[in-house]
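Below is one structure, written out as structure tokens; comments come after it.
Readers should treat all values here as calculations from the given coordinates under stated rules, not as data from a laboratory. These numbers were taken from a predicted model, which means no experiment stands behind them. Backbone-built Cβ (ideal geometry, glycine too); neighbour counts: all protein chains shown.
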Protein chains: 2
Amino acid sequence: MVRKKTESMKDRKKQVLERLKELGENICGQIEKGIFPWLEMPSRSTSNIQYDKKIRQYVLGDKTIKRVTRNVRHIRPFTQLVWLGDMVNMLIRQGKTSTLRDMFYMSQAYEVDFTDQAESDDIVTDLESLIKFAREDFNVFPEERSAIYANLTIEYTVPRYEGKRLNLTVHPDGVIIGPALASAEFIDTDAEMVLCIEKGAMFTRFLEEEVHKKFKAVLIHTAGQAPRATRHIIHRLNRELNLPVYIFCDADPWGMHIAQVIISGSANAAHLRELTTPDAKWAGVWASDIVKYQLPSERLKELDLKRLKELERDPRYREELWQREIQVFYDIKKKAEQEAFSRYGLTKIVEDYLPKRMEEIKSY
Amino acid sequence: MVRKKTESMKDRKKQVLERLKELGENICGQIEKGIFPWLEMPSRSTSNIQYDKKIRQYVLGDKTIKRVTRNVRHIRPFTQLVWLGDMVNMLIRQGKTSTLRDMFYMSQAYEVDFTDQAESDDIVTDLESLIKFAREDFNVFPEERSAIYANLTIEYTVPRYEGKRLNLTVHPDGVIIGPALASAEFIDTDAEMVLCIEKGAMFTRFLEEEVHKKFKAVLIHTAGQAPRATRHIIHRLNRELNLPVYIFCDADPWGMHIAQVIISGSANAAHLRELTTPDAKWAGVWASDIVKYQLPSERLKELDLKRLKELERDPRYREELWQREIQVFYDIKKKAEQEAFSRYGLTKIVEDYLPKRMEEIKSY
């Protein structure tokens, strides 16, 4: 059953359009008054990015920057930002989506002079922090896609499908988390938790073993590092449906960080709140599981150990569980993949490991 | 409307089980007769791989190899192969799927001594060439997944979904081509062609611009190099539904080769026939399109030119179109991505480029 709803996805698009209108009116007003138009936005420089313990994610500090067209060096990023606002306005009104790469190429038709895609991506992030909406809200999506499988009925808000409903058990390979799914409303579900899974093999295993029924779970395949649209869906499942979230990744520093980014976000999305799920739990595969289950493993390489050192010092890794498991990694100097459970046959992970872990994780 | 059907997907699984039974009976029979069991299979060494101009794909020659357990060096791969046959039998009977990585780990529980995954992958390929079915037919899938969007109704053959039908316009982000889709029957469609698209951005563009309606097309996102399940679906759409297939990739040697592998396969699948579509056409983006449409482009790098040289000499690239475009690449020394059309706005590629190309391609 659906418990609460924060705000509708359609309302968000409307709000983006309103913010863009305000942005345009502000600039036009300045020009009409005969002053060089300028903008103010939060600074995204590393000195202004802090880890906020209370809300448990990276946030931007109080520093702001001004883009003043009187300054010749500012004209270029200012113009790029205004052009982007225009494009985004068009995208939303026409109900179309685009990618970061598309935006870079589109700019060339308008002689908006982006040196490379890194520069155009940066302006997209500027627009996010200026209007305080994620780029998914203004229809700019990455290419990577992950999948979801759940007894969850959604209602589309995209054109041509608006009002149509779909139950996410419809396709046994899972349903793609693309622009249409990311912007759909949650209508009804009997799910009681969300399980996020790094690898496709384990996602398929969970699905074939009916974990979605046995554990009343929404299954999400992150396909490696979870794309932003997927992190947004996880956030919404947690907030709108009050579902606890558990994350399963490979037992190595890279897997740990996939979980951590779902939980507390990344430094370059410090200006956003809708991509994090601070109450989500890293549920495995832990370093200690390698020992406990005698999983097939490999030695940690130089690069893995270097990464582990970085994580150890990262403020997001202060909690006991993380620190404990980092120490186990140092002790055993081994890593393992999720598929390593196949050593015990295809069902071990679902019949033994998963129920034990779900019991255990409650105490963390 | 569905026009013809070659054989049902369920029949294929039955045939795999029969072949496995024969394989087992053969070995048991040999043992009962008191002789060291042996097997004979087509040699997959490069000297036995030839390009067959008539069927337009790589094929294996007449050379065979024998695995004789009297020879101590053969015992290991022989045992691995028999073990794999046992696992595959179990997978099919239980209606479960697995991945190449899973198979490698599963072997460890049985003390089947694979040195690494390359070795276990190799034995999977041995089993393919021995029983003459693709590993998808015995439920071993890769992780990568691509997507399909079409007014095409399918009927699942996988357990729990058997007999259920789905129209592939059900989800506006496209439907994942995973184990369940790859093994589904085609029931009904009004489609008249198949368009394969390398990049997700262009797939989404086609979908939002309703190319599936305007061109009565099945849209397939290959997600880079098409995974085998996707190549199999393309083959089946061509064979079972008589649909012509057109492939759109980036304008560079790597994009050309994505098209070529869909058309005539790869050397390491020379023992299979169901992964190729020799009548499929490479429809763009051509090197000559970079000039014609003044697409934003980059210079060909050293690595690109080296690859181009290889393609020029490859027997699969003998036809006029390929040779002509390779020459254009040499002349202009440039490459372009599919998204480069966004330079002309989001609709140019659908409203101008695509109809012109579909007209033009008929003469190739």
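Can you give the FRET efficiency to the nearest 0.05 for A:ASP279 and A:GLU111, using r as the Cβ-Cβ distance and R₀ = 41 Å?
Working: r = 47 Å, r/R0 = 1.15.
With R0 = 41 Å, the Cβ-Cβ based efficiency is 0.30.
Restricting to Cα pairs below 8 Å that are 6+ residues apart, what does the relative contact order work out to for segment B:176-254? Please round to a whole percent.
Values: 93 pairs, mean separation 32.0, N = 79.
Once divided by the residue count of segment B:176-254, the mean separation gives 40 percent.
Can you tell me, using C-alpha contacts under 8 Å and at least 6 residues apart, the relative contact order of chain B as a whole percent?
Details: 592 pairs, mean separation 55.8, N = 364.
Averaging sequence separation for qualifying contacts and normalising by length gives 15 percent for chain B.
For B:LEU321, B:LEU166, A:LEU23, what's the fewest-to-most ordering of other Cβ within 10 Å of each Cβ? Write down the numbers at each step before the final one.
Working: B:LEU321 13, B:LEU166 21, A:LEU23 18.
Going from least to most buried by this count: B:LEU321, A:LEU23, B:LEU166.
Only four residue types carry charge here, +1 at the Cβ of Lys and Arg and -1 at the Cβ of Asp and Glu. Report the dipole size of the protein assembly as shown about the Cα centre in Debye, rounded to the nearest 20.
Values: 116 positive and 112 negative charges, 10 e Å.
Dipole magnitude for the protein assembly as shown comes out near 40 debye.
With +1 assigned to the C-beta of every Lys and Arg and -1 to the C-beta of every Asp and Glu, and no other charges, what is the dipole magnitude of segment B:9-141 about the Cα centre in debye, to the nearest 20?
Details: 22 positive and 20 negative charges, 97 e Å.
Taking the Cα centre of segment B:9-141 as origin, the dipole is about 460 debye.
Any idea what the A:GLU360 label distances to the other copies are, label 7 Å down the Cα→Cβ vector, nm, shortest first?
Between copies, matching label points for A:GLU360 lie 6.1 nm apart.
Quote the charge dipole size of chain A about the Cα centre in Debye, to the nearest 20; the model charges only the Cβ of Lys and Arg (+1) and of Asp and Glu (-1). Present the calculation step by step, with values, prior to reporting the outcome.
Working: 58 positive and 56 negative charges, 129 e Å.
Dipole about the Cα centre, nearest 20: 620 debye.
P(r) of chain B in 10 Å steps, Cα pairs, percent per bin?
5, 22, 30, 24, 14, 5, 1, 0
Over segment A:146-361, calculate the relative contact order: mean separation of alpha carbon pairs under 8 Å at least 6 apart, over the residue count, as a percent. Could you put the intermediate results ahead of the total?
Working: 367 pairs, mean separation 38.3, N = 216.
Here the relative contact order equals 18 percent.
So if R0 is 56 Å, what FRET efficiency would A:SER45 and B:THR347 give, r being the distance between their Cβ atoms, rounded to the nearest 0.05? Intermediate results must be reported in sequence, preceding the final value.
On the way: r = 38 Å, r/R0 = 0.68.
With a Förster radius of 56 Å, E is 0.90.
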